[in-house]
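Values in this text are rule-based calculations from the coordinates and carry no lab data. Computed from a prediction, not measured in an experiment: that's the story for all the values here.
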Amino acid sequence: MYKVARGFLHEEDVVDAMSETVLTCYEKIRTLKQDAYFKTWMIRIMINHCKDILCAQRRSIAVERVCLS
């Protein structure tokens, strides 16, 4: 999980993405159809959380730029 998150995010955001992924997996484990695909399912959730963090960062940077101008 760390390697996947580190590929998307800066070091300070990796732990947040990992903890969100573990929580989501725990909450949604019943939606997993085959146990053999757990790792793939978990990594896909991790990637989605990383993308959400990146989008949130882009939005906050844009707001800061507008306020500073």
Handout entry: Cα-based helix-to-principal-axis angle, 11-28 vs the chain, degrees rounded to 10
Key = 40
Practice task
Would you calculate a helix-derived [θ] at 222 nm for the chain, using -39,500 (n - 2.57) for each DSSP H run of n ≥ 4 and dividing by the full residue count, to the nearest 500?
Solution key: -27500 deg cm²/dmol
Handout entry: Relative contact order (percent, whole number), the chain, Cα cutoff 8 Å, 6+ residue spacing
Key = 41
Completion exercise
Tilt, helix 38-68 to longest principal axis of the chain (alpha-carbon atoms), in degrees rounded to tens, equals 10
Practice task
List the lysines whose Cα lies under 23 Å from the Cα of residue 51, skipping any in the same chain that are fewer than 8 positions away.
Solution key: 3, 28, 39
